[in-house]
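Peer 1: To start, I am sharing the structure in question, which I have written as structure tokens.
Every read-out reported here was derived from the displayed coordinates using simple, explicitly stated rules and does not represent laboratory data. Predicted, not measured: the structure shown is a model, and the values here were computed from it. As a convention, Cβ positions derive from the backbone with ideal geometry for all residues, glycine included, and neighbour counts pool all protein chains shown.
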Amino acid sequence: MSKVNKDSGFVPYVAKHYDLDKVVSESKSFYENLNQRRSVREFSDKAVPKSVIENIIRTAGTAPSGAHKQPWTFCAISSASLKSKIREAAEKEEYENYHGRMSDAWLDDLKKFGTDWHKPFLEVAPWIIVLFRKTYDVDEGEKKKNYYVQESVGIACGMLISAIHQAGLVTLTHTPSPMNFLAKILERPENEKPYLLLPVGFPADDAKVPILNRKSIEEIAVFFE
Ligand code: IYR
């Protein structure tokens with residue numbers, strides 16, 4: 001018997017009640033769906049309704065978080081002037097990255113992706129989502145520490161990326177480095193630090209992605225039965 005009194009503050013969990021065949025088929029079809037996801041760097045400028053971006057962010061906001069603090073802010077940007085400010089600042093940092101800040105081994109590892117310091121997707125994609133992590137919350141002027149912020153925000157990102165894919169849109173995990181310029185341009189408060197930038201939109205008609213293999217289950221999992 002649990003010692004925790006769940007008479008108040010709790011509700012029954014609403015289970016799906018799938019039979020085992022359904023559990024198997026759902027697990028397979030979800031894998032097959034997400035296995036189609038690719039990071040795409042070439043976007044169409046076709047508009048995406050704000051309601052779609054709201055749904056995607058709502059989905060990411062269902063992520064579990066340390067003590068349910070939900071330590072995240074999703075900034076969704078469609079303003080052309082803000083997108084071009086972000087592109088200009090990101091390209092400035094990326095130019096430095098590609099011209100001395102990244103090691104030769106790193107540049108070599110990136111060759112197959114065909115990336116360089118030019119980031120046109122930051123202006124072409126109809127939306128940019130910048131995810132901020134909140135190291136602490138401010139409650140009536142008092143700092144309240146959040147828990148497992150990196151883990152929580154990382155999980156929310158994964159769910160955001162999955163929601164984008166499910167909607168038939170594409171994205172890219174872009175980490176211009178250093179990226180504090182995002183906090184400045186978007187005028188975020190002191191407790192918010194940029195975590196990840198994701199352009200969101202439809203793929204360009206002629207978008208290409210590099211040929212990559214995903215590791216097999218044997219390579220990524222160890223079972224103890
Ligand atoms: N941030 C740079 C470099 C870059 C780094 C990694 I690790 C990648 O997987 C891809 C790119 C850029 O966005 O070009």
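Peer 1: Here is a list of conditions, (1) away from the ligand (no atom under 14 Å from the Cβ); (2) closer than 25 Å to Ala47 by Cα, and Lys145 meets all of them except one; can you say which number that is?
Peer 2: It fails just one condition, (2).
Peer 1: Out of all the residues in the range 101-135, which are of a type in the set (Gly, Ala, Ser) and assigned to a helix (DSSP H, G or I)?
Peer 2: Within the range 101-135, just Ala105 meets the criteria.
Peer 1: While we're here: Can you tell me how many residues within the range 164-188 are in a loop (DSSP other than H, G, I, E, B), over 20 Å from Asn55 (Cβ atoms), touching a Phe, Trp or Tyr at 6+ places or on another chain (Cβ under 9 Å) and away from the ligand (no atom under 15 Å from the Cβ)?
Peer 2: Qualifying residue count, the range 164-188: 2.
Peer 1: Restricting to the range 189-209, count the residues that are assigned to a loop (DSSP other than H, G, I, E, B), more than 18 Å from Ala125 (Cα to Cα) and in contact (Cβ under 8 Å) with a residue 40 or more places away in the chain.
Peer 2: 2
Peer 1: Residues in the range 70-125 that are among the aromatic types (Phe, Trp, Tyr), free of Cβ contacts under 8 Å to residues at least 60 places away in the same chain and near the ligand (Cβ under 10 Å from one of its atoms): how many?
Peer 2: Of the residues in the range 70-125, 3 are among the aromatic types (Phe, Trp, Tyr), free of Cβ contacts under 8 Å to residues at least 60 places away in the same chain and near the ligand (Cβ under 10 Å from one of its atoms).
Peer 1: Go through the range 1-59 and give me each residue that's in a loop (DSSP other than H, G, I, E, B), more than 18 Å from the chain's Cα centre (by Cα) and among the β-branched types (Val, Ile, Thr).
Peer 2: Val4, Val11, Val14
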